[in-house]
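Right, one structure below, let's go through it.
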Amino acid sequence: MTNADFEEKLTILRDEIDEIDSDLVKLLQRRLAVTSKVGQLKSNVGKPIYDATREASLFAKRRQQASDAGLSPDLIEDVLRRLMRDSYVSQDASGYRCVNEDCKKVVVVGGKGQLGSVFVDLFERSDYQVAIIEQDDWPNSEAILADASVVIVAVPIRLTSMVIHHLNNLPEDCILADLTSIKESPLYEMKKAHSGPVVGLHPMFGPDVTGLIKQLLLNVKVATLSNTSGC
């Protein structure tokens with residue numbers, strides 16, 4: 001084979017690869033458009049974006065298909081996982097449905113902090129009315145908390161008990177929750193300060209998350225009364 005023949009054949013094969021790659025980009029664009037519609041549909045009816053059963057089934061089917069085609073199942077699963085991560089980011093960015101329209105207001109104490117701001121963003125993108133209390137806002141806290149349906153304490157653990165002591169005049173049906181990793185003391189203080197429903201929450205993620213899909217939020221312990229107006 002002459003050098004000229006080699007270059008001609010190589011060019012033809014590379015052009016074919018370029019065409020396939022271009023088709024892949026178009027397919028990925030089409031896939032993202034469809035998954036975005038899926039996310040919007042789920043949000044409209046209040047369904048969770050992440051479906052573990054569906055994801056596991058998809059991996060199993062595509063791994064088998066890859067194996068039958070003589071491809072690496074691990075490679076195909078890796079590609080799918082990357083595509084799903086991108087889809088989740090897209091679906092997360094579209095926001096969530098407000099599942100309790102009776103919820104008047106969500107107040108996040110420490111809402112400008114790293115973790116608190118994650119939850120402020122979540123509730124705002126879910127079309128809830130959100131208010132924030134920081135250190136300089138305490139003189140106006142009575143007015144801010146007067147019509148709260150949910151109050152979330154998202155301050156450093158060393159400040160949690162002190163902050164909870166200021167939350168002793170919440171509406172009776174308001175849900176009081178905290179996001180600290182240590183639960184016994186905050187729960188004790190919250191139940192002392194508030195006669196209504198109290199929830200101890202433990203996020204299994206840090207403030208660096210880019211979205212809350214597939215993130216775990218533990219409900220460590222709950223003390224409730226008969227009526228709650230939670231979101």
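The values are calculated or read from the model by the stated rules, or taken from the named source; none is laboratory data. In this text the structure is predicted, and so the values were computed from the model without any measurement. When we count neighbours, we look across all protein chains shown, and the Cβ atoms used for this are built from the backbone with ideal geometry, even at glycine.
Details
- Qualifying position, being surrounded by 21 or more Cβ atoms within 10 Å (Cβ to Cβ) and under 27 Å from residue 46 (Cβ atoms), among 107, 155: 107
- Hey, residue 23 surrounded by 10 or more Cβ atoms within 10 Å (Cβ to Cβ), modelled with pLDDT of 95 or more and within 30 Å of residue 213 (Cβ to Cβ) or not: yes
- Residue in the stretch 165-184 that is buried (at least 21 other Cβ atoms within 10 Å of the Cβ), not hydrophobic (A, V, I, L, M, F, W, C) and not assigned by TED's automatic domain parsing to the domain that holds residue 33 present: yes
Per-residue answers, yes or no, for (1) free of Cβ contacts under 8 Å to residues at least 12 places away in the same chain; (2) more than 16 Å from the chain's Cα centre (by Cα):
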| position | (1), (2) |
| --- | --- |
| 54 | yes, yes |
| 74 | yes, yes |
| 79 | yes, yes |
| 88 | no, no |
| 104 | no, yes |
| 112 | no, yes |
| 120 | no, no |
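- Within the stretch 90-102, the set of residues being in contact (Cβ under 8 Å) with a residue 40 or more places away in the chain and part of a loop (DSSP other than H, G, I, E, B) comprises 94, 95, 96, 97, 98, 99, 100, 102.
- Residue list for the stretch 66-120, filter: in contact with a Ser or Thr (Cβ under 9 Å, 6 or more places away or on another chain) and of a type in the set (Ser, Thr, Tyr): 87, 88, 90, 94, 96
- First in the stretch 135-160 and more than 16 Å from residue 175 (Cα to Cα), second anywhere and assigned to a helix (DSSP H, G or I) and of a type outside the set (Asp, Glu), Cβ under 7 Å, 6 or more apart: 137/144; 155/163; 160/186
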